[in-house]
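Read the structure below first, then the notes.
The values are calculated or read from the model by the stated rules, or taken from the named source; none is laboratory data. Worth saying up front: this structure is predicted, and the values here are computed from it rather than measured. We place every Cβ from the backbone using ideal geometry, glycine too, and count neighbours over all the protein chains shown. Side chains included, ligands, DNA and RNA excluded: accessible areas come from the protein's heavy atoms. Shrake-Rupley method; radii C 1.70, N 1.55, O 1.52, S 1.80 Å.
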Amino acid sequence: MTHIAFDVHQATSTYAYLDPSSQQPVVGRILTDCASFTNLLGDLPVPWIVALEATRSTPAICTWLRQLDCAIHLVDPQKLSGLAQARSAKTDRRDALLMLDALAHDYLPEAYLADPQVQRLRELTRAHWALVRMGTMLRNLLRGMMARAGKLLAATNLCGVHATEELGQWLATVEAPYNLLGALYVSLLQQVRQATAAVDEQIKHLADHNPLAQELLSQPGKGLLTTMGMLAEMGDLARFSSVKQLLSYSGLAPSVQQSGEKSRTGRLPQRCNKHLRYWAVMCAQATVHSRHPSRAKEVYLRVKSRHGANAAKIAAAREIVKDVYYAYRRLQQSQATAA
């Protein structure tokens, strides 16, 4: 068995492991590529227990390590930084040795490592979110350019039949740079719409084979994209021992400041899964405008009368997250009963 830690960077990575014979730490540097990782691990006794920080390069490296049948431990960078503050200097070598020591003595501050299926769903839902933002930006650019050129378009859907015909006629009559930029914006907007439709089709395919998603989609206000977006960001719900932990992870539980007998709630926390909070709020908006009654809608109306629409929206989003958690618990109980 070999414990090994990697301090990963884009070009090179620093490793640290205990020598099998002398049990002394060995530190070195390798290129951050699959071949270098494979060659290094191939010279060490199996099984390999690996620790590495959660960075932008981590998903690719985790894919390589899974192919090598490594046991992977993902490290929370902020908590590791707190452990490193007691050291006199911060270097890649010291970080790798710190992770190795924490891994070997079981005090490693671990972060959640999503399985490949959850990662694929996250890629799709985040791609949809990014494509929607691209489409909005292109529409604004196109309308702004047309307004500066003295053309106002009444159509709301710039990719509709009538808007496309009117845009084509207008672009044929104007000079550069309006004709060039207008044609470019229209072409990019059509490509974004096609890409969004393709991504949404993949998300629907995954939802059709997800029992929890089917259960949630039967509830008022929960659409395909918001439901799958929340499930993607929540990942494995079994890691949350209570709904309070899930609310804290989503960033929908307000921060609490307490001193003696005094206690007050503050703003929403900044350190959270912001993608999950976004999908929960979007789902809450759809739910409160649904004609069907729901717990989230009742909470929204009650809180809105006392604290305003923004606070009510967050309160409704909390109820949405609770719905997901309790639907998961019911599904687990029914599966256990059937087994």
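For the stretch 2-24, a residue qualifies if it is in contact (Cβ under 8 Å) with a residue 60 or more places away in the chain and not in a strand (DSSP E or B), and exactly one does: His9. Scanning the stretch 125-140 turns up no residue that is touching a strand residue (DSSP E or B) at 6+ places or on another chain (Cβ under 8 Å) and within 30 Å of Thr58 (Cα to Cα). Is it the case, given these coordinates, that Thr337 is in contact with a helix residue (DSSP H, G or I) (Cβ under 6 Å, 6 or more places away or on another chain), assigned to a helix (DSSP H, G or I) and at pLDDT below 95? No: the conditions fail for Thr337.
Among the residues of the stretch 34-82 satisfying the criterion of being closer than 15 Å to Pro116 by Cα and open to solvent by less than 40 Å² (accessible area, probe 1.4 Å), which is nearest to the chain's Cα centre (by Cα)? Looking at the filtered set, the residue picked out is Thr58. Note on the stretch 150-164: residues that are open to solvent by 40 Å² or more (accessible area, probe 1.4 Å) and within 15 Å of Tyr185 (Cα to Cα) amount to 2. Can you say whether Thr14 is among the β-branched types (Val, Ile, Thr), within 24 Å of Pro109 (Cβ to Cβ) and in contact with a helix residue (DSSP H, G or I) (Cβ under 6 Å, 6 or more places away or on another chain), as far as the supplied structure shows? Here the answer is yes, as Thr14 does meet what is asked. Those helices (runs of 4 or more DSSP H) of the stretch 130-243 in which at least 2 residues are within 30 Å of Arg329 (Cα to Cα), considering only elements entirely within it, cover 178-208, 211-217, 224-234. If the condition is being touching a residue at least 40 places away in the same chain (Cβ under 8 Å) and assigned to a loop (DSSP other than H, G, I, E, B), then the stretch 25-55 contributes Leu44, Pro45, Val46, Pro47, Ala54, Thr55.
All of Ala311, Ala280, Ala286 fail the test of being open to solvent by less than 70 Å² (accessible area, probe 1.4 Å), modelled with pLDDT of 95 or more, not aromatic (Phe, Trp, Tyr) and not in a loop (DSSP other than H, G, I, E, B), apart from Ala280. The set of residues in the stretch 217-234 that are modelled with pLDDT of 95 or more and not aliphatic (A, V, I, L, M) comprises Thr226, Thr227, Gly229, Glu233.
Given the structure, is Leu103 open to solvent by less than 70 Å² (accessible area, probe 1.4 Å), under 32 Å from the mean Cα position of the chain (by Cα), within 18 Å of Ala5 (Cα to Cα) and at pLDDT 85 or above? Yes, satisfied. The residue of the stretch 188-237 that is least open to solvent (accessible area, probe 1.4 Å), among those that are touching a Phe, Trp or Tyr at 6+ places or on another chain (Cβ under 9 Å) and of a type in the set (Asp, Glu), is Glu233.
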